[in-house]
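Colleague: Can you read through this structure? Questions will come right after.
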Amino acid sequence: MKRTKPILFNYILLSFFFICFSLFSFAQGTVSGSVKDANGEGLIGVTVVVKGKTIGTSTDLNGNYTLMVPAGTQTLVYSYIGYSTQQATLTVEDGKAYTSDVRMGLDNLSLDEIVVTGTFSERTQKDSPMSVTLINSKRLEQLASNSQADILRTIPGITAEGGGGEVASNVFVRGMPSGGQYQYTPLQVDGLPVLSTFGLNSSAHDVYFRNDLGIRNLEFVRGGSSTLFGAGSVAGIINYTSVTGSAEHDNKVQLEWADGGRLRTDFLTSGPLSENLFYAFSGFYRYDEGPLFTGLPTRGHQIRGNIKKLFNDGNSSFIVSGQFIDDNVQFYLPYPLANENDQRERPIGNDGEEVFTLQTSNAANFSFDTPFGRFESPIGDGVTTTGGYLMFDLKHSFGNDWRLYHKSKAAKYDHWFNLFLDGDGNYANSPISADTYVGLSGDQFTSGVFTYADDGSALGENDLVFRNRILDRRRPMEELSGETYLTKTIDNHNISFGTFLANTKAADDNWLSFFVGDFRNAPRMLNITLTDTAGNVVQHATNGFVSGSQTSNRDHESSKVAFFIGDEIKGEKLDIDIGARWERASGFINREVGVGSNVYQRATVSASDFALALAALYRLSNSTNLYANVSRGYFFPQLRSVSFVSTDDFSSLSETETYDTESIIQGEVGVKYGQNALAFTAAAFYVALGDRRNVDFVDVDGVLSEVVSVQSTQTIGVEANVNYNITRGLNAYGNFTFQDHEFTEVENDPDLVGNELRRQPNVMGMVGLAYDDNGFDLNVSSNFLGSKFANDANTVELDGFNIVRLDAGYRFYLGTNESLRVGVSVFNLLDEAGITEGSPRQGDSQVGTGDFFVGRPILPRRVFVRTTFDF
């Protein structure tokens with residue numbers, strides 16, 4: 001009897017739990033099936049999810065899957081990189097089994113991929129009336145080697161120079177003049193610009209952001225309605241979209257090694273946290289002694305992540321995302337190249353070795369007095385960025401054809417851009433003999449003694465010396481930005497209206513130091529004494545250091561407010577987009593006149609302008625769409641380009657030169673075709689830019705100065721992009737751009753009218769071959785960049801060159817959802833040494849003759865080995 005009560009109690013408790021489980025469990029059925037390609041071959045790793053739910057799976061090694069699906073009418077979504085996304089709707093009853101087999105067709109050029117950049121509504125690339133390029137995550141992982149340039153140069157119409165290393169890539173978009181960087185093509189992450197105002201200083205957008213495994217895709221939208229969105233792009237938008245969590249867990253770890261002393265590890269983890277709540281986190285840690293050896297290794301890391309909440313039956317979402325970066329990299333400027341017979345090749349140094357860079361750890365830690373105390377150069381750190389952003393993204397459907405979209409971001413970075421320049425501006429900007437150096441130091445000097453600082457030995461009789469500068473630039477930045485718009489669907493109209501706001505602050509404090517070393521990789525520092533005509537001995541350089549000073553103390557702040565409206569009119573055959581934007585920008589300028597003088601020139605400037613965009617797309621057939629667009633846009637001058645009328649005006653608000661906007665007219669007509677094995681796009685374009693305020697860093701009498709010139713340009717051209725599926729898993733692809741460009745007006749220098757734009761080739765393109773059978777993959781491509789001029793005067797022509805890349809790997813399947821890929825990637829396979837630019841510091845005075853030519857070659861061949869574990 002003593003055991004009866006506990007036993008009875010256990011039965012009651014078990015019955016209670018059974019009843020609770022029955023009450024709280026939900027009715028569901030089983031859906032099984034296979035996913036195959038057009039040839040009937042099973043596809044491995046296809047993602048299968050229940051639309052709007054946290055339920056999903058992936059196909060196995062044979063392309064089969066099984067999924068428990070809630071009862072009711074449900075839609076299964078099948079997605080796989082390189083194939084058109086498919087959907088299947090079925091009604092599920094509790095306890096029953098169903099079969100859903102799917103055939104997935106190829107999606108060459110990703111024409112059927114949804115585009116979210118430069119549009120008020122989600123639509124496929126094929127149905128967008130603009131030139132659009134989409135690169136998926138798999139291809140992005142292959143392309144990431146040295147910098148953003150490695151990715152962007154594969155896009156039609158973009159010239160991307162990455163000879164400077166991981167950051168500050170020079171990016172030129174078809175028809176647009178630029179000093180490089182991202183002046184007319186803002187770099188965006190998840191729909192908001194990394195930096196809303198360019199020109200507070202000269203740091204490029206990519207110093208604040210690095211690619212990692214958490215990127216879902218890249219969209220590049222050119223012209224058209226891209227002028228209406230965000231920061232008001234002129235030439236187009238480069239938008240990276242981050243991975244967000246889904247119903248299926250996705251984890252990835254990648255280890256990378258490269259010659260030249262590079263080690264890097266990346267990770268990605270994403271998935272569901274609970275019903276309708278998802279997460280995604282990614283990041284990397286890197287150590288690098290290259291790609292060019294300087295004795296100044298770099299290291300750093302970045303962490304990014306987001307939490308996504310679905311609500312309103314999955315029709316609305318709220319995402320909180322953020323980034324923290326603490327990274328430093330070396331930046332490489334042009335240097336003197338051997339120019340025998342105008343060949344422009346890497347020179348031979350004093351030690352008999354080929355010279356790749358003149359940056360050196362021997363010049364680190366120079367210090368000197370300034371009005372604000374002792375300054376120690378941080379050149380050893382290179383380009384450093386520490387900070388991050390916090391971002392909110394809300395998409396809400398009100399259920400009555402009204403939808404709300406809102407994004408806002410707060411960012412703050414401590415940033416230094418420290419670099420070795422390409423000469424000192426006075427001593428010939430090239431390696432010279434010791435006797436020549438003495439002569440250039442002044443007529444009063446008759447002789448000199450040159451010894452190495454590290455061991456006291458004398459400089460060799462035939463050895464050369466090179467005098468250079470270090471430019472340290474402190475550029476902290478902080479920004480608040482946001483975009484909000486409402487969309488209403490009325491019949492076949494999708495009407496949207498909204499606003500964009502931004503406030504950006506940045507400093508631009510510069511320190512310049514001069515030093516002398518010998519001519520070799522990682523130059524050795526020199527002690528130099530000079531003797532004048534009176535027999536006096538002067539200590540000219542100690543441990544290589546000659547002199548140093550702070551050269552600027554400046555702050556700039558920009559505020560922007562914009563309003564825009566658009567209508568996307570969708571018809572059975574014809575779609576029409578029309579939109580307008582008005583924007584006002586105001587800036588505050590604060591510059592100290594003479595560092596340490598406590599005398600400042602301050603000014604407030606402002607301007608407003610409008611943009612108009614009209615586009616149309618006509619569905620000629622199921623396979624062919626025709627499109628056209630025309631737009632009138634604007635660009636606000638860089639605040640750093642605004643000069644004061646008088647350098648003697650120290651009133652509370654000094655008078656400045658004009659702050660008029662730069663106008664741009666763009667037009668494009670094209671065709672998009674995709675059917676079976678062939679997909680291509682082709683377009684003709686026109687670009688006219690008026691009153692562009694160009695800013696160059698130029699040596700003026702040995703002083704590094706910002707020189708402003710006002711220019712107008714015009715360009716016409718054509719571009720094409722093609723992908724052909726030769727057989728299962730084997731694709732041939734390529735693109736081609738031709739552009740005819742010229743200056744139509746140049747203020748204060750009419751002789752430049754008719755010249756070609758600097759650093760913009762007339763011809764560029766790419767061809768490639770890709771193979772992937774879900775085990776072995778291979779991608780070989782060649783980027784061709786035609787000849788171009790190094791300066792506006794067109795006095796120096798740079799030869800064209802090819803950059804060949806090889807990416808190959810093999811994937812081992814370790815389980816249903818686990819795989820290991822071992823791969824190799826070779827950048828610049830043929831070790832091409834083409835010259836990407838001359839010396840911007842010499843500007844229009846540079847010539848192509850002489851024993852040495854200051855230029856920047858392509859980075860040399862580099863081999864990467866990667867292992868990637870997916871689980």
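Yes or no, residue by residue, for (1) part of a loop (DSSP other than H, G, I, E, B); (2) in contact with a Phe, Trp or Tyr (Cβ under 6 Å, 6 or more places away or on another chain); (3) open to solvent by less than 20 Å² (accessible area, probe 1.4 Å):
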{"site": "Asn350", "(1), (2), (3)": "yes, yes, no"}
{"site": "Phe356", "(1), (2), (3)": "yes, no, no"}
{"site": "Gln359", "(1), (2), (3)": "yes, yes, yes"}
{"site": "Arg374", "(1), (2), (3)": "no, no, no"}
{"site": "Thr384", "(1), (2), (3)": "no, yes, no"}
{"site": "Gly388", "(1), (2), (3)": "no, yes, yes"}
{"site": "Met391", "(1), (2), (3)": "no, no, yes"}
{"site": "Leu394", "(1), (2), (3)": "no, yes, no"}
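Colleague: So which residues in region 361-372 are open to solvent by less than 20 Å² (accessible area, probe 1.4 Å) and either under 13 Å from Ala522 (Cα atoms) or among the acidic types (Asp, Glu) (or both)?
Modeller: Correct list: Ala363 only.
Colleague: Identify the residue in region 37-52 that is buried (at least 18 other Cβ atoms within 10 Å of the Cβ) and of a type outside the set (A, V, I, L, M, F, W, C) and, among all such residues, is nearest to Gly95 (Cα to Cα).
Modeller: In this case the residue turns out to be Thr47.
Colleague: Scan region 421-440 residue by residue and report those that are closer than 29 Å to Phe331 by Cβ and touching a strand residue (DSSP E or B) at 6+ places or on another chain (Cβ under 7 Å).
Modeller: Listed by number, the residues that qualify are Leu421, Asp422, Gly423, Asp424, Gly425, Tyr427, Asn429, Ser430, Pro431, Ile432, Tyr437.
Colleague: What is the residue count in region 170-187 for residues that are at pLDDT 85 or above and either assigned to a loop (DSSP other than H, G, I, E, B) or open to solvent by 10 Å² or more (accessible area, probe 1.4 Å) (or both)?
Modeller: Final tally of qualifying residues: 1.
Colleague: Mind counting the residues in region 664-682 that are among the aliphatic types (A, V, I, L, M) and either outside any strand (DSSP E or B) or open to solvent by less than 10 Å² (accessible area, probe 1.4 Å) (or both)?
Modeller: 3
Colleague: Would you confirm, using the coordinates I've provided, whether Ser654 is part of a loop (DSSP other than H, G, I, E, B) and either within 30 Å of Gly42 (Cα to Cα) or modelled with pLDDT under 90 (or both)?
Modeller: For Ser654, the condition - part of a loop (DSSP other than H, G, I, E, B) and either within 30 Å of Gly42 (Cα to Cα) or modelled with pLDDT under 90 (or both) - is met.
Colleague: Looking only at region 722-737, how many residues end up being within 28 Å of the chain's Cα centre (by Cα) and surrounded by fewer than 17 Cβ atoms within 10 Å (Cβ to Cβ)?
Modeller: Total satisfying the criteria: 2.
Colleague: Considering Gly754, Gly775, which residue is of a type outside the set (Ser, Thr, Tyr) and within 30 Å of Gln142 (Cα to Cα)?
Modeller: Of Gly754, Gly775, the one residue that is of a type outside the set (Ser, Thr, Tyr) and within 30 Å of Gln142 (Cα to Cα) is Gly775.
Colleague: Kindly list, by first and then second residue, each pair from a residue in region 496-507 that is β-branched (Val, Ile, Thr) to a residue that is open to solvent by less than 40 Å² (accessible area, probe 1.4 Å) and in a strand (DSSP E or B), limited to pairs with Cβ atoms under 6 Å and residues at least 6 apart or on different chains.
Modeller: Listed by first residue and then by second, the contacts come to Thr504/Glu479; Thr504/Ser558.
Colleague: Give me a count of the residues in region 249-289 that are charged (D, E, K, R) and either part of a loop (DSSP other than H, G, I, E, B) or within 18 Å of Val48 (Cα to Cα) (or both).
Modeller: Count: 4.
Colleague: Give all pairs with beta carbons closer than 6 Å in which a residue from region 365-380 that is polar (S, T, N, Q) meets a residue that is not in a strand (DSSP E or B); count only pairs at least 6 apart in sequence or on separate chains.
Modeller: Ser377/Phe366
Colleague: Go through region 402-424 residue by residue and tally those that are open to solvent by 20 Å² or more (accessible area, probe 1.4 Å), in contact with a Lys or Arg (Cβ under 9 Å, 6 or more places away or on another chain) and not hydrophobic (A, V, I, L, M, F, W, C).
Modeller: 4
Colleague: Another question about this same structure. Take the residues of region 58-74 that are open to solvent by 30 Å² or more (accessible area, probe 1.4 Å) and in a strand (DSSP E or B): which is farthest from Glu275 (Cα to Cα)?
Modeller: Top of the filtered list is Asn64.
Colleague: Scan region 381-429 residue by residue and report those that are in contact with a helix residue (DSSP H, G or I) (Cβ under 8 Å, 6 or more places away or on another chain), of a type in the set (Val, Ile, Thr) and under 30 Å from Val516 (Cβ atoms).
Modeller: Correct list: Val383 only.
Colleague: In addition: Report every pair of residues separated by at least 6 positions or lying on different chains whose Cβ atoms are under 6 Å apart, first residue within region 747-769 and of a type outside the set (A, V, I, L, M, F, W, C), second in a loop (DSSP other than H, G, I, E, B) and open to solvent by less than 30 Å² (accessible area, probe 1.4 Å).
Modeller: Once the first residue is of a type outside the set (A, V, I, L, M, F, W, C) and sits in region 747-769, its partners that are in a loop (DSSP other than H, G, I, E, B) and open to solvent by less than 30 Å² (accessible area, probe 1.4 Å) give Arg758/Asn791; Arg758/Asp792; Pro761/Gly786; Asn762/Gly786.
Colleague: Within region 39-96, work out how many residues are among the small types (Gly, Ala, Ser), in contact (Cβ under 8 Å) with a residue 60 or more places away in the chain and over 29 Å from Arg728 (Cβ atoms).
Modeller: Counting residues in region 39-96 that are among the small types (Gly, Ala, Ser), in contact (Cβ under 8 Å) with a residue 60 or more places away in the chain and over 29 Å from Arg728 (Cβ atoms) gives 2.
Listed here are the residues, each with its yes/no results for (1) more than 30 Å from Gln188 (Cα to Cα); (2) among the small types (Gly, Ala, Ser); (3) part of a strand (DSSP E or B); (4) over 35 Å from the mean Cα position of the chain (by Cα).
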site	(1), (2), (3), (4)
Gly439	yes, yes, no, yes
Gly448	yes, yes, yes, yes
Asp472	no, no, yes, no
Leu480	no, no, yes, no
Thr484	no, no, yes, no
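Colleague: Restricting attention to region 334-343, does a residue exist that is surrounded by 15 or more Cβ atoms within 10 Å (Cβ to Cβ), of a type in the set (D, E, K, R) and not in a loop (DSSP other than H, G, I, E, B)?
Modeller: No, region 334-343 contains no residue that is surrounded by 15 or more Cβ atoms within 10 Å (Cβ to Cβ), of a type in the set (D, E, K, R) and not in a loop (DSSP other than H, G, I, E, B).
Colleague: Just to check your reading of the model, which residue among Leu459, Leu480, Leu440 is open to solvent by 50 Å² or more (accessible area, probe 1.4 Å) and either aromatic (Phe, Trp, Tyr) or closer than 18 Å to Thr531 by Cα (or both)?
Modeller: Result of the check over Leu459, Leu480, Leu440: Leu440.
Colleague: Follow-up question, since we're still on this one. Residues in region 763-782 that are at pLDDT below 95, over 15 Å from Ile726 (Cβ atoms) and open to solvent by 20 Å² or more (accessible area, probe 1.4 Å): how many?
Modeller: 1
Colleague: How many of the residues in region 834-871 are among the aliphatic types (A, V, I, L, M) and open to solvent by less than 40 Å² (accessible area, probe 1.4 Å)?
Modeller: Number of matching residues: 4.
Colleague: Where in region 515-619 are there strands (runs of 3 or more DSSP E), lying fully within it, with 2 or more residues that are open to solvent by less than 10 Å² (accessible area, probe 1.4 Å) and in contact (Cβ under 8 Å) with a residue 60 or more places away in the chain?
Modeller: 526-532, 545-570, 574-592, 600-619
Colleague: If you don't mind, there's one more thing I want to ask. Output the residues belonging to region 75-97 that are open to solvent by less than 50 Å² (accessible area, probe 1.4 Å) and either modelled with pLDDT of 85 or more or assigned to a strand (DSSP E or B) (or both).
Modeller: Of everything in region 75-97, those that are open to solvent by less than 50 Å² (accessible area, probe 1.4 Å) and either modelled with pLDDT of 85 or more or assigned to a strand (DSSP E or B) (or both) turn out to be Thr75, Leu76, Val77, Tyr78, Ser79, Tyr83, Ala88, Leu90, Val92.
Colleague: Of these, Tyr208, Tyr240, which one is closer than 30 Å to Gly667 by Cβ, at pLDDT 90 or above and not small (Gly, Ala, Ser)?
Modeller: Exactly one residue qualifies, and that residue is Tyr240.
Colleague: All but one of (1) open to solvent by 20 Å² or more (accessible area, probe 1.4 Å); (2) in contact with a strand residue (DSSP E or B) (Cβ under 8 Å, 6 or more places away or on another chain) hold for Tyr627, so report the exception by its number.
Modeller: So the condition that Tyr627 fails would be (1).
Colleague: Quick check, is Asp327 open to solvent by less than 20 Å² (accessible area, probe 1.4 Å), closer than 25 Å to Gly823 by Cα and part of a strand (DSSP E or B)?
Modeller: In short, no.
The values are calculated or read from the model by the stated rules, or taken from the named source; none is laboratory data. Everything quoted here is computed from the prediction, not taken from an experiment. Cβ coordinates were reconstructed from backbone atoms using ideal geometry, including for glycine residues, and neighbour counts include every protein chain displayed. Only protein heavy atoms, including side chains, enter the accessible area calculation; ligands, DNA and RNA are left aside. Shrake-Rupley method; radii C 1.70, N 1.55, O 1.52, S 1.80 Å.
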